Amino acid sequence: MEFTEQDRDALYQTWMSQKSRMRITQMEFSKKLGMNQLDFSRVLRGETPLTMSFISHFCRLLHLEPRNVFPSLKEGRENGPKVVYLKSRMSVDGEIQNAYIEGNQVIVEYAHTVQHD
């Protein structure tokens, strides 16, 4: 999904109002997002593209519904098919050697140590 400058403005305005309400610094919030403060600042300034993953995480941490914050998500909510963005994590019993995508599949190659008794 493509996000617009209006979405970026909404992100910035939401951040400015929520950070004072929650009494949290940009550095503290960046850590909660799993990024450094410079990367978060780049997203706020428009130097890094917005992604649905970032928006979902941002809103989840602020206890907000993304479609109530971002204009691009408000527009398509009444009619037509809905797109839901999901994130999956997995653990493997070994050391990951390589990961890649084929179509709609993620392939993870890993080394597993087998001990003989």
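The values are calculated or read from the model by the stated rules, or taken from the named source; none is laboratory data. Worth saying up front: this structure is predicted, and the values here are computed from it rather than measured. Virtual Cβ from ideal backbone geometry, glycine too; neighbours counted across all protein chains shown.
Please note which helices (runs of 4 or more DSSP H) are completely contained in the range 26-117 and include at least 2 residues that are under 20 Å from the mean Cα position of the chain (by Cα), surrounded by 10 or more Cβ atoms within 10 Å (Cβ to Cβ) and of a type in the set (S, T, N, Q).
So the answer is 26-33, 37-45, 52-62.
Check 38, 61 and return the single one that is in contact with a Lys or Arg (Cβ under 8 Å, 6 or more places away or on another chain), under 21 Å from residue 22 (Cα atoms) and at pLDDT 90 or above.
Of the residues listed, the single one that is in contact with a Lys or Arg (Cβ under 8 Å, 6 or more places away or on another chain), under 21 Å from residue 22 (Cα atoms) and at pLDDT 90 or above is 61.
Exactly one condition in (1) in contact (Cβ under 8 Å) with a residue 12 or more places away in the chain; (2) hydrophobic (A, V, I, L, M, F, W, C); (3) loosely packed, with under 15 Cβ neighbours inside 10 Å is false for residue 10; which is it?
Going through the list (1) in contact (Cβ under 8 Å) with a residue 12 or more places away in the chain; (2) hydrophobic (A, V, I, L, M, F, W, C); (3) loosely packed, with under 15 Cβ neighbours inside 10 Å, residue 10 breaks only (3).
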